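Trainee: Before anything else, here's the structure in question.
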Amino acid sequence: MKKLFALLLALCMVFSLAACAGSSGDAKTEDTATEDSATEDSAAEDTAATEDAAASGEREKVVIGASFNSLMNDVFTVSQTLMETWAANPLNEDDPYVDLTILVADGDTTKQISDVNDLINKGCDAILIDPVDSTAVEPAIQACKNAGIPCVTYNRPLSDEVKTRPDVEVRIGAYEQGYDTAKYCFEIMKEDGIEDINIILCNGETRDDNSVQRALGVAAACEEYGANIVAQLPCDWDPTVVAELLPAALEGNPDTNCVYVATDGMLSGVQSSLEDIDRWAPYGDENHMYIAACDLFEEGYNNVASGYIDADALMDVVGMISNAYQSAFALIRGEEVEPLVNTTGATYTAANYNDADMVSDQALWWKWKK
Amino acid sequence: MNTQSKQLFGGITNILREDRKIRVNSIVGVLAVIILAVLSCQVKNFFSIQNVINVLEQVSSVGFFSLGLTCVLIIGGIDLSVPGVIMAASCLGGSYMIGGGNWILAALMILSVGIIFGFINGIAIAKGKMIPFIVTLSTLVLSQGIAAYLSASATIYGLPEDFFIFNAKIGIVPVGVIVFVLAAILLSIFLSRTKTGRCFFMVGENIETARISGINTTKITFLAYIISGVLAGTGAIFLTARLGTATATMVGDTVTNDTIAACIIGGASLNGGQGNIIGSVLGLIFITLIANCFNLLGISYYVGMAIKGLIIMAVIYIDVLRSH
């Protein structure tokens, strides 16, 4: 009986701590931005406070909810850091403070719909959604429309079959990423006198349109440069899956001289597969395998610098989150906004990776990692 | 306090002292109410109509799984295959519909897939005497593979408008919630008021004793897995209509853990012989409300994961306390 009571008291303590934990990322927000607002104001009270604050010249505060599809790699964790940082310390002078709530769907479509419904119920002024599924996210967008809450999707684009579109879609130019990284890589190979290009595509997740668009971009570059796609591997953005599938593909296609990696997040799988066959070698080495990658994680940048990766197309995470926030602010203010915002980045090679405009905090988004 | 009240209070106290299971269940129930009361006071809009509907919709999405799992747990088994069965059924029905098939037939196909997998599990476990954990894990992998093959790992979209009748609302209450409640009531009556239903508990308590007593334990075990399959198929119909699509990954990885935890909170045991449908539904509501509160409070993802892990550990401990 005593042990049972001890357990119960421990659970009570845990849940009391949870009840006091408050919003994610809000601790910092509240510390710096609650001189004139209480944490439990309703949305209507926030609006009144906003108007008063605006009249008196102080910053307004808005309530924004963000539904992440997962926190599976640096792109998502840095997105979270950027949102939380700019919630407490607005990027621009006329940006409001943000009472931010982030919910993570863990790759579960059904959970994302529930998360968005919870954000609607919380009384958000705007909702940002990074879709788990480019098509199945439609019920979540519809729920925002029905509630009259502005909705901005970012990162993963919506498929054309989605009838209910959000107020703003912030895209990352995935097709251009795939095309540019393959193009730069093929040009290097042609300059090196390689006529027959045989490439294996390590794609991302098939229900993510970013992956599909990048692969289409790569395919377009292949057609332009006469490269042969010898294998396409559905790797689900997972380096473990790459490590399972790529070795067999390399074994079955011994003439492979180029590998496309849909994201640097899968590089560890590519590296281990190439190391097994002594093909993980820097540019200039006779065993070098030409690699075209996307996203420019920190390890991607370092591998470009050290010659293991020949081209890496940047995913402008900083620009994407900034655009998502600015779109949300504009919608909350009732301003006209472009329904489609495309955020594109440069392609990094050995020739340009160290240029001044290529090493800024805006470009090298992974510098925002905690 | 008058004499009758004193006698009633004394009676309750004696029962709590003497019957460990009732004591544990009472404490769990009181604790759950206290936790939710504390959390709900922190959350604005917790008792709003919209939030209640949201929670009921979330409960019904996986509720059919928990109803079937309760039946299987009562007989001392386990069914890990349901998430995969839901996805395979959904992808089959979805593929058929976008190929021009009739939506009613598609719904029947989805239900049939659930029944077929229930049949496979039942035959292997009841007749083949195979270990339920291994069998249902295998059928989980098999059903996931079928789902991936049928969908080509892409999203199946463009379902006919008529199919969305399964996502309609009667007033403000979704049809799926109503069907779930009806299924829970029917199953509860079956388990508690019919001879066959009561046999489930006897098989779960001690299968040998049940067999010697004249109960057809093979038939009862088989029936439990068929019921689980039927409910998986039913759940697949409503989930597909709710999402408007079918994919090989439409059911999350944590659903199984959440559902088992809900059933055990509700009175079921991993050792078999115990459980009740209403308890499982209340357990599922509790798990869903905890997650709902966390979302509305904006609790950090990492803290939420840690607390969820602690809840599951506590649930396992509750099961141990009941059993010993």
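Trainee: Between B:LEU105 and B:LEU310, what length in nm is gained on full extension when 0.36 nm per residue of separation is reduced by their alpha carbon distance? Before the final figure, lay out the partial values.
Mentor: On the way: separation 205, 0.36 × 205 = 73.80 nm, distance 4.38 nm.
Result: 69.4 nm gained on full extension.
Trainee: Can you pull the Rg over Rh of chain B, Cα-only, Kirkwood? All intermediate terms of the calculation are to be shown ahead of the outcome.
Mentor: Details: Rg = 20.6 Å, Rh = 20.7 Å.
Radius of gyration over Kirkwood radius for chain B works out to 1.00.
Trainee: In whole Hz, what ³J(HN,Hα) sequence does the range B:135-147 give by Karplus (6.51, -1.76, 1.60; θ = phi - 60°), x for Gly and Pro?
Mentor: 4, 6, 5, 5, 5, 4, 5, 4, 5, 5, x, 4, 4
Trainee: Further, regarding this structure: In terms of modelled amide H atoms, which long-range or inter-chain residues lie less than 5 Å from the amide H of B:GLY273?
Mentor: The answer is B:ILE75, B:GLY76, B:GLY204, B:GLU205.
Trainee: Still on this structure, I have one more. Taking neighbour Cβ counts within 10 Å as the exposure measure, how do B:LEU310, B:LEU111 sort from fewest upward?
Mentor: Fewest-to-most ranking of B:LEU310, B:LEU111: B:LEU310, B:LEU111.
Trainee: Given a Förster radius of 30 Å and the C-beta distance between B:TYR302 and A:ASN146 as r, what FRET efficiency does 1/(1 + (r/R0)^6) yield to the nearest 0.05?
Mentor: FRET efficiency, B:TYR302 to A:ASN146: 0.45.
Trainee: A further question follows. How much length would be gained if the chain were fully extended between A:ASN302 and A:ASP355, taking 0.36 nm per residue of separation minus their Cα-Cα distance, in nm to one decimal?
Mentor: Stretched fully, the A:ASN302-A:ASP355 segment lengthens by 17.7 nm.
Trainee: Evaluate E = 1/(1 + (r/R0)^6) for A:GLU251 and B:SER26, where r is the Cβ-Cβ distance and R0 equals 51 Å; express this FRET efficiency to the nearest 0.05.
Mentor: Here the calculated transfer efficiency is 0.25.
Trainee: On to the next question. Can you compute 3J(HN,Hα) from phi for each residue in the range B:212-224, using the Karplus curve 6.51 cos²θ - 1.76 cosθ + 1.60 with θ = phi - 60°, rounded to whole Hz and x for Gly and Pro?
Mentor: So the Karplus estimates, Gly and Pro as x, are 5, 6, x, 7, 7, 5, 5, 5, 5, 4, 4, 4, 4 Hz.
Trainee: Under 18 Å from the Cα of B:LYS219, which aspartates and glutamates turn up, not counting those fewer than eight places away in the same chain?
Mentor: B:ASP79, B:GLU205, B:GLU208
Trainee: Residue separation times 0.36 nm, minus the C-alpha to C-alpha distance between B:ILE98 and B:LEU142: what's the value?
Mentor: Details: separation 44, 0.36 × 44 = 15.84 nm, distance 2.34 nm.
Value of the extension gain: 13.5 nm.
Trainee: I want to check the label-to-label distance for B:ILE134 and A:THR240. Put each point 7 Å from Cα in the C-beta direction and report it in nm to one decimal.
Mentor: With each label point 7 Å from Cα toward Cβ, the separation is 2.3 nm.
Trainee: Another question about this same structure. Could you list which residues have their amide H under 5 Å from that of B:LEU80, counting only those 5 or more apart in sequence or on another chain, with H placed in the peptide plane?
Mentor: Excluding prolines and chain starts, which carry no amide H, the hits are B:THR136, B:LEU137.
Trainee: For A:GLU299, A:GLU169, what's the fewest-to-most ordering of other Cβ within 10 Å of each Cβ? It would help to have the intermediate numbers written out before the result.
Mentor: On the way: A:GLU299 18, A:GLU169 21.
The most exposed by this proxy come first: A:GLU299, A:GLU169.
Trainee: P(r) of the range B:178-265 in 5 Å steps, Cα pairs, percent per bin?
Mentor: Calculated over all Cα pairs of the range B:178-265, the distribution is 3, 11, 15, 21, 19, 13, 9, 6, 2, 1 percent.
Trainee: Along the Cα→Cβ direction, 7 angstrom out, place labels at B:SER153 and B:PHE190. What is the inter-label distance in nm?
Mentor: Each label point lies 7 Å from its Cα, and together they span 3.8 nm.
Trainee: Near the amide H of A:ALA313, under 5 Å away, which other amide H atoms are found, from residues 5 or more places off or on another chain, if H is placed in the peptide plane?
Mentor: Distant-sequence amide H within range of A:ALA313: A:ALA293, A:CYS294, A:ASP295, A:LEU296, A:TYR348.
Trainee: For the protein assembly as shown, count the residues as N, evaluate 2.2 N^0.38 Å, and divide the Cα radius of gyration by that value, please.
Mentor: Expressed relative to 2.2 N^0.38 Å, the Cα Rg reads 1.05.
Trainee: Right, something else. Counting only other chains, what is the mean number of Cβ atoms within 10 angstrom of the Cβ of each residue in peptide B:285-294? It would help to have the intermediate numbers written out before the result.
Mentor: On the way: counts 0, 0, 0, 1, 0, 2, 5, 4, 4, 6.
For peptide B:285-294, the averaged partner shielding equals 2.
Trainee: According to a simple spin-label model (label point 7 Å from Cα along Cα-to-Cβ), what is the distance in nm between B:ALA37 and B:ILE178?
Mentor: If labels sit at B:ILE178 and B:ALA37, their model points lie 3.4 nm apart.
Trainee: Sticking with this one: With springs connecting C-alpha atoms under 10 Å apart, model chain B as a Gaussian network and identify which of B:MET313, B:MET202, B:MET97 has the largest mean-square fluctuation.
Mentor: Judging by the Gaussian network model, the answer is B:MET313.
Trainee: Which loop trypsin sites (Lys or Arg not before Pro) in the range B:105-172, with loop taken from DSSP, have no more than 10 other Cβ atoms within 10 angstrom of their Cβ?
Mentor: Here the sparse-neighbourhood loop sites are B:LYS129.
Trainee: Can you pick out the pairs among B:LYS127/B:LYS195; A:LYS122/B:LYS308; A:LYS122/A:LYS370; A:LYS111/A:LYS367; A:LYS183/A:LYS369 whose Cα atoms lie more than 26 Å from each other?
Mentor: Pairs exceeding 26 Å: A:LYS122/A:LYS370; A:LYS111/A:LYS367; A:LYS183/A:LYS369.
Trainee: If you don't mind, another one. Quick one: net charge around A:SER268, please, counting Lys, Arg +1 and Asp, Glu -1 for every other residue with C-beta under 12 Å from its C-beta.
Mentor: Charge balance in the 12 Å sphere: -4.
Trainee: When N is the residue count of the range A:174-314, what does its C-alpha Rg come to as a fraction of 2.2 N^0.38 Å?
Mentor: Dividing the Cα Rg of the range A:174-314 by 2.2 N^0.38 Å gives 0.91.
Bear in mind these aren't lab numbers, they're just calculated from the coordinates by the rules spelled out. Everything numeric in this text was worked out from a predicted model, so none of it was measured. Every residue, glycine among them, receives a Cβ derived from its backbone with ideal geometry; neighbour counts consider all protein chains shown.
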